[in-house]
Amino acid sequence: MENTTISIILANACYSFRVSATFFISFFSTLVFIAITFLYLFFKSRFQGNENLKKCSLPPGPKPWPIVGSLPEMLRNKPTFRWIHKLMNDMNSEIACIRLGRIHVIAVSCPEISREFLKKLNALFASRPTSMSTEMTTKGFLTAALVPFGEQWKKMRRILTTKVVSPARHRLFHATRIEEDRGPGLEEVEHVYALFTILQYIYSFCVTDYVPFLRWKLDWMVMKRS
């Protein structure tokens, strides 16, 4: 009887040891993987930044941190536009380049340089920026609004001009509009309220817009806390 009890105790101890060893090996492997990934992204961003600087010179700006760039300074200094103006005044420059994560933000305070962006180089800067808020709002950039310039935008623009806001469609719904002149119904009010709620989050700050490898990982944590 005693031998049987000792055998059971030894078997349980061995099982517990194997479970603990498996857990620690998995945990250690995860830490090693995270460390290697961090070092890879660090050196990759550093080398890519040096190569880009060799190809073309960027406007002056604050020295960025590895990977995150100047995101910590931007979050500490509110409002952001005053922080950017102060940087440009301190550098005595009318154009500045601020790296936020992987995104280079070019700030301009000179009318002549602004005209270069808005008129001469309009074809290069006409597209809308991509972000998590616009991607979720447009269901993967499938609509006409907030979609970057490209084939999808051209297709949706063609559909809008020929099928939605065309004179024939306007005449077709003339009688319906007259009936709705009596005032909006409950569905219309809820629809407008939902639209204004969405507009509050369009182009709002999101860390993963600037650090893409955190997309769908950090975003859900922030959404749950908010």
ask   = For the stretch 133-155, does any single residue satisfy the condition of being touching a residue at least 60 places away in the same chain (Cβ under 8 Å) and not β-branched (Val, Ile, Thr)?
value = yes
message = For the stretch 85-94, check the following and say yes or no: at least one residue is modelled with pLDDT under 90, in a loop (DSSP other than H, G, I, E, B) and either exposed (fewer than 12 other Cβ atoms within 10 Å of the Cβ) or touching a Leu at 6+ places or on another chain (Cβ under 7 Å) (or both).
response = no
task = Would you confirm whether any residue within the stretch 160-175 is within 28 Å of the chain's Cα centre (by Cα), free of Cβ contacts under 8 Å to residues at least 40 places away in the same chain and closer than 30 Å to Cys206 by Cβ?
result = yes
query = Can you pull out the residues in the stretch 93-142 that are more than 20 Å from Cys206 (Cβ to Cβ) and touching a Gly at 6+ places or on another chain (Cβ under 7 Å)?
reply = Ala96, Cys97
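Might you check whether a residue that is free of Cβ contacts under 8 Å to residues at least 24 places away in the same chain and not acidic (Asp, Glu) occurs anywhere in the stretch 93-102? Before the answer, list the steps.
To start, the set of residues in the stretch 93-102 that are free of Cβ contacts under 8 Å to residues at least 24 places away in the same chain comprises 94.
Next, only the ones that are not acidic (Asp, Glu) stay: none.
No, the stretch 93-102 contains no residue that is free of Cβ contacts under 8 Å to residues at least 24 places away in the same chain and not acidic (Asp, Glu).
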query = On the given criteria, is Ala144 touching a helix residue (DSSP H, G or I) at 6+ places or on another chain (Cβ under 8 Å), modelled with pLDDT of 85 or more and small (Gly, Ala, Ser)?
reply = no
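Taking the stretch 205-226 on its own, how many of its residues are among the charged types (D, E, K, R), at pLDDT below 80 and surrounded by 11 or more Cβ atoms within 10 Å (Cβ to Cβ)?
The initial filter retains those residues of the stretch 205-226 that are among the charged types (D, E, K, R), namely 209, 215, 217, 219, 224-225.
Of the ones still in play, those that are also at pLDDT below 80 are 215, 217, 219, 224-225.
Subset that is surrounded by 11 or more Cβ atoms within 10 Å (Cβ to Cβ): 215, 219.
The number of residues fulfilling the criteria is 2.
The values are calculated or read from the model by the stated rules, or taken from the named source; none is laboratory data. Predicted model, so just to flag it, every value in this text is computed and none were measured. We place every Cβ from the backbone using ideal geometry, glycine too, and count neighbours over all the protein chains shown.
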